[in-house]
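Below: one structure, written as structure tokens.
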Amino acid sequence: MDLSYEPFSGEHVDDPYPMYRMLREHAPVHRGPESGVYVLSRYEDVANAFKNPELFSSKIDNTMRVAQGGIAGLVTTARLLMKVLVRLRTSPSRVATARMLIQEDGPTHGAMRKIVNRGFTPGRIAAWEPRIREIADECMRSLRGRDEVDLVQTLAIPLPVTVIAEMLGIETSRRTDFKRWSDQIIQVGTNTGPDRLIDLKLIDVMGEMLGYLRPIIRERRAHPTDDLISTLVGSQDGEAALDDYEIFLFIFLLLLAGNETTTNLLGNAVDALLLNPNELARVSNDLSLVPALVEETLRYDGPVQQLTRRLTQDVTMHGVTMPAESDVQLLMGSANRDERRFPDPDRFDISRDTKGHLGFGFGEHFCLGASLARLEARVSLEALVPDLPNLVRSRAELELLPSNILRGRARLELKAA
């Protein structure tokens with residue numbers, strides 16, 4: 001069967017799952033006709049790729065990837081690099097060699113992970129639960145008593161933004177800037193156009209963030225407090241230590257993943273409950289089912305649909321040889337709907353055994369903030385679910401993020417039933 005699926009086209013953003021099924025059945029190793037990117041869609045293949053970083057590497061170029069474009073592409077690249085150097089006020093070698101956690105493998109990744117893990121230990125995350133409950137209760141008070149409310153703007157966005165800002169020790173007055181930066185990063189970095197990463201707006205955002213964070217990072221080195229930035233700069237071991245620019249890159253990543261993952265997880269969970277009233281009745285009558293609700297949402301309609309890896313050598317799967325240096329998209333959203341692993345996968349069932357789902361990835365790059373996202377989602381849903389049976393959608397159509405990588409609701413407007 002000739003499938004024209006292109007992983008960056010945006011054609012299937014509204015509902016990618018029927019196409020995922022076709023890929024699993026007819027083209028488990030598929031090559032995008034325009035991008036040349038290979039796509040893996042079956043659970044076993046995606047899980048094995050995560051387990052083998054020596055073959056499926058996360059170490060993708062630190063420089064921005066450029067679309068095919070001949071001379072025009074070269075001109076765009078030159079403009080981009082000049083903008084990077086001027087706006088970020090850093091050297092070409094620093095941009096090219098800076099380590100970023102999600103783009104490293106092996107010992108380098110392990111050493112960096114050891115540093116940032118200090119800010120995400122089980123004890124540190126658990127200690128945030130009372131504060132997260134306070135924030136959730138504040139959001140719910142603003143939600144109740146209104147004729148109509150956008151759940152995304154009222155709960156799903158402000159809660160993780162507030163938590164991340166407080167973890168970093170950012171003053172309250174700058175939290176709107178943090179959300180604006182996060183929105184712009186998402187818009188530029190995950191849009192569906194063929195030149196999706198060639199956008200000077202992203203460099204402007206990074207420059208603004210770096211200008212704000214650089215003096216804070218330096219201040220924390222001299223006078224540490226108990227916030228996450230102080231944890232990142234303190235007591236580092238030799239060559240593994242993160243410099244100021246690498247700490248900035250981690251915060252950049254944290255803004256992207258820490259905010260959007262929880263925001264989209266909450267919106268996707270509520271949407272699934274509204275579409276499955278029997279499941280909503282079960283969980284609203286028994287809040288002890290909320291953790292299972294979170295896990296089933298991660299499997300059924302996860303906030304991260306795919307991740308990129310680069311092959312370090314030729315790999316043959318299902319009769320298709322993927323050459324070394326090829327980019328490969330791991331479709332976690334498809335793997336989590338693979339009937340070979342999860343029976344009746346298109347049914348939303350909070351009593352399902354979700355063990356092994358790939359909603360947060362797998363292996364050495366398993367999502368660093370998974371425990372925080374789970375805690376935020378659990379606490380928020382425990383506060384919200386008792387109210388949900390009395391709410392209905394204000395409009396039938398869904399407004400989804402225009403992204404093939406992230407899956408979430410841009411708006412979720414509700415009103416009293």
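Quick note: the coordinates plus some simple rules give every number you see, no bench work behind them. Because the structure is a prediction, the values reported are computed rather than measured. Using ideal geometry, Cβ is built from the backbone for each residue, glycine included, and neighbour counts are taken over all protein chains shown.
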- Taking the Cα-to-Cβ direction at Glu11 and at Asp314 and moving 7 Å from each Cα, how far apart do the two end points lie in nm? 3.0
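Can you pull out the GluC sites (Glu not before Pro) in the stretch 104-191 that DSSP calls coil and that have at most 10 other Cβ atoms within 10 Å? Walk me through the numbers before you get to the answer.
Numbers: sites: Glu104, Glu134, Glu138, Glu148, Glu166, Glu171; in loops: Glu104, Glu171.
Loop-located and lightly packed - Glu171.
Over all pairs of distinct alpha carbons, what does the Kirkwood formula give as the hydrodynamic radius of the stretch 271-417, in Å? Spell out each step's value before the answer.
Working: mean 1/r = 0.0583 Å⁻¹.
The answer is 17.2 Å.
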- Task: Specify which residue in the list Gly119, Ser142, Ile157 is farthest towards the positive end of the charge dipole of the stretch 118-173, using unit charges on the beta carbon of Lys, Arg (+1) and Asp, Glu (-1), about the Cα centre.
- Result: Gly119
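Work out how much length Met100 to Asp204 would gain on full extension: take 0.36 nm times their residue separation and subtract the Cα-Cα distance, in nm to one decimal.
35.5 nm
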- So what J values fall out for the stretch 386-400 if you push phi through Karplus, 6.51 cos²θ - 1.76 cosθ + 1.60 with θ = phi - 60°, rounded to Hz, Gly and Pro as x? x, 8, 4, x, 9, 10, 9, 5, 7, 8, 6, 6, 9, 10, 9
- For the stretch 330-361, list residues with backbone N below 19 Å from a point placed 7 Å from the Cα of Ser288 toward its Cβ? 350-354
- Task: Using only the alpha carbons of the stretch 97-154, determine the length spanned along each of the three principal axes and report them from longest to shortest in whole angstroms.
- Result: 54, 26, 14
- Task: Apply the Karplus parameterisation 6.51 cos²θ - 1.76 cosθ + 1.60, with θ equal to phi minus 60°, to every residue of the stretch 156-165 and state each ³J(HN,Hα) to the nearest whole Hz, in sequence, with x for glycine and proline.
- Result: 5, 8, x, 5, x, 4, 5, 5, 4, 4
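Most exposed first by the Cβ proxy, i.e. fewest other Cβ within 10 Å, how do Thr231, Thr262, Thr172 rank?
Thr172, Thr231, Thr262
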- Take the Cα atoms of the stretch 311-375, find their three principal axes, and give me the spread along each one in whole Å, biggest first. 41, 29, 13
- Along Cα→Cβ, 7 Å out, is where each label goes; now give me the distance between the ones at Arg347 and Arg144 in nm to one decimal. 3.6
- Query: How many nm is it between the label spots at Ser371 and Asn278, if each spot is 7 Å from the Cα in line with the beta carbon?
  - Reply: 3.7
- Message: Check which residues have an amide H placed less than 5 Å from Ser57's amide H, if you skip close sequence neighbours.
- Response: Arg310, Leu311, Thr312
- Message: With θ taken as phi - 60° and the coefficients 6.51, -1.76 and 1.60, list the Karplus ³J(HN,Hα) couplings across the stretch 314-330 in order, rounded to whole Hz; mark glycine and proline as x.
- Response: 4, 9, 10, 9, 6, x, 10, 9, 9, x, 3, 6, 6, 8, 10, 8, 9
- Item | Amide H contacts under 5 Å for Ala410, placed H, 5+ residues apart | Glu399, Leu400, Leu401
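Exceeding 26 Å between C-alpha atoms, which entries from my cross-link table qualify? They are Lys59/Lys355; Lys51/Lys114; Lys51/Lys355.
Numbers: Lys59/Lys355 28 Å; Lys51/Lys114 19 Å; Lys51/Lys355 16 Å.
Violating the 26 Å limit, Cα to Cα: Lys59/Lys355.
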